[in-house]
Amino acid sequence: MKLILLNSKGSTHMQIIAIIFFLSLIFAAGIVFAGTVEFEGQTDVGKIKIPGSVKYDPENNTYRITGSGENMWGTEDAFYYVWKKAEGDLTLKIDVEWIGKGKQLHRKAGWMVRAGLENDDPYVDAVIHGDGLISMQYRITKGGTTYEVQSPLKAPATLLLERTGDQFTLTITKDGHVYPVGTITVELKGQLYAGLAVCSHDSTTSETAILSNVNFAQSNIPADKRVVESTLEIINIESGARQIVRRAKEHFEAPNWSRDGNTLFYNSGGKIYILPVKGGAPELINTGLADRCNNDHGLSPDGKELVISNHGKDGKSLIYILPSKGGDPRLV
């Protein structure tokens with residue numbers, strides 16, 4: 001079964017539940033991944049019994065990091081951190097491989113963006129656990145509770161954590177496909193710490209991870225230069241995996257399924273477009289004089305007619321019906 005999110009609205013087609021998700025992100029354009037990251041420091045954060053260590057392999061651009069610590073969770077953290085100071089928008093990419101079976105299933109390793117080096121500071125991370133769980137963890141306020149967004153897919157996978165303004169987005173790449181995990185909002189002001197974190201999830205032992213394909217990029221995009229990026233996603237409601245059908249630096253929203261499940265209808269700039277479920281170029285539907293369509297539209301049970309709501313010049317919404325392939329609208 002597949003799910004598509006649409007601001008709480010949905011329709012049912014055969015065994016496919018369609019709900020549409022509209023995600024609008026402030027997008028920092030022009031980011032290019034850097035090469036080798038020049039980290040500035042390495043620190044045991046929190047109450048640590050066994051000091052951590054890091055060894056860099058320049059030939060393979062990998063970091064072998066050993067860390068201890070009770071956990072990165074709750075109201076305080078304990079882990080080993082290799083960091084550099086950062087600010088603005090961030091793009092952080094990484095692959096994680098654990099060494100050995102390990103003592104704890106929830107040992108964690110990955111990227112972390114942190115307000116400071118105290119054990120209860122606000123942060124956002126993207127980590128792979130010892131059992132393959134992939135998650136984005138975050139603490140909104142100093143000394144506050146830790147929250148988590150989990151991926152339905154497990155490692156191995158490449159993690160991509162992006163900060164755009166106050167939004168943090170985790171996306172993973174697995175078997176050649178890109179899967180969004182989630183977007184959360186955490187306000188981290190001023191200069192931050194961005195780096196690689198390893199936690200053994202057991203204060204009496206250390207765990208080691210190999211972190212490869214480590215890429216770091218930062219940029220400062222003025223507010224008036226930012227643009228909106230929208231994504232249209234299909235979600236498998238059995239596995240929870242999300243797959244992007246369309247992503248563009250423009251505002252679009254309110255998709256609906258066609259009755260045969262092969263096409264999506266959506267609204268952008270007062271126009272109605274159709275898009276193959278497998279992706280591709282959108283096609284404009286001719287809606288005649290109804291060229292200020294809003295988010296309310298749908299198909300007749302037989303799929304032959306399209307009903308739309310158009311914002312008239314008098315400020316009122318008017319309902320029209322027209323052929324689903326386009327044509328002259330009839331006022332209802």
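Considering only region 273-298, state which residues are part of a strand (DSSP E or B) and under 26 Å from the mean Cα position of the chain (by Cα).
Correct list: 273, 274, 275, 276, 295.
So which residues in region 306-332 are open to solvent by 80 Å² or more (accessible area, probe 1.4 Å) and either of a type in the set (Ser, Thr, Tyr) or not in a loop (DSSP other than H, G, I, E, B) (or both)?
Matches in region 306-332: 319, 330, 331.
Which of the residues that make up region 266-309 are modelled with pLDDT under 95 and of a type in the set (S, T, N, Q)?
294, 295
Looking only at region 165-195, count every residue that is within 18 Å of residue 234 (Cα to Cα), outside any loop (DSSP other than H, G, I, E, B) and not small (Gly, Ala, Ser) and tell me the total.
So the count comes out to 12.
What are the residues in region 80-114 that are among the β-branched types (Val, Ile, Thr), open to solvent by less than 40 Å² (accessible area, probe 1.4 Å) and over 22 Å from residue 140 (Cα atoms), if any?
Across region 80-114, the qualifying residues are 94, 96.
The rows are residues; the columns are (1) modelled with pLDDT under 95; (2) basic (Lys, Arg); (3) within 21 Å of residue 39 (Cα to Cα).
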residue: 114; (1), (2), (3): no, yes, yes
residue: 124; (1), (2), (3): no, no, yes
residue: 139; (1), (2), (3): no, yes, no
residue: 144; (1), (2), (3): no, no, no
residue: 154; (1), (2), (3): no, yes, no
residue: 159; (1), (2), (3): no, no, yes
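Taking strands (runs of 3 or more DSSP E) that fall entirely within region 67-159, which contain at least 1 residues that are among the acidic types (Asp, Glu)?
Fully inside region 67-159 and qualifying: 89-98, 123-129, 146-150.
Taking into account only those residues within region 56-66 that are in contact (Cβ under 8 Å) with a residue 12 or more places away in the chain and not in a loop (DSSP other than H, G, I, E, B), which is surrounded by the most Cβ atoms within 10 Å (Cβ to Cβ)?
Top of the filtered list is 65.
Look at residue 189 and say whether it is of a type in the set (Lys, Arg), open to solvent by 60 Å² or more (accessible area, probe 1.4 Å) and closer than 21 Å to residue 39 by Cα.
yes
Go through region 235-269 residue by residue and tally those that are of a type in the set (Lys, Arg), open to solvent by 70 Å² or more (accessible area, probe 1.4 Å) and within 21 Å of residue 299 (Cβ to Cβ).
Looking only at that region, the number is 1.
Being open to solvent by 10 Å² or more (accessible area, probe 1.4 Å) and either under 27 Å from the mean Cα position of the chain (by Cα) or modelled with pLDDT of 90 or more (or both) is the requirement here; does residue 77 meet it?
The answer is no for residue 77.
The values are calculated or read from the model by the stated rules, or taken from the named source; none is laboratory data. All of these numbers come straight from a predicted model, not from anything done at the bench. Here Cβ is always computed from backbone atoms with ideal geometry, including for glycine, and neighbour counts include all displayed protein chains. Remember, those area values only see protein heavy atoms, side chains included, never the ligands or the DNA or RNA. Shrake-Rupley method; radii C 1.70, N 1.55, O 1.52, S 1.80 Å.
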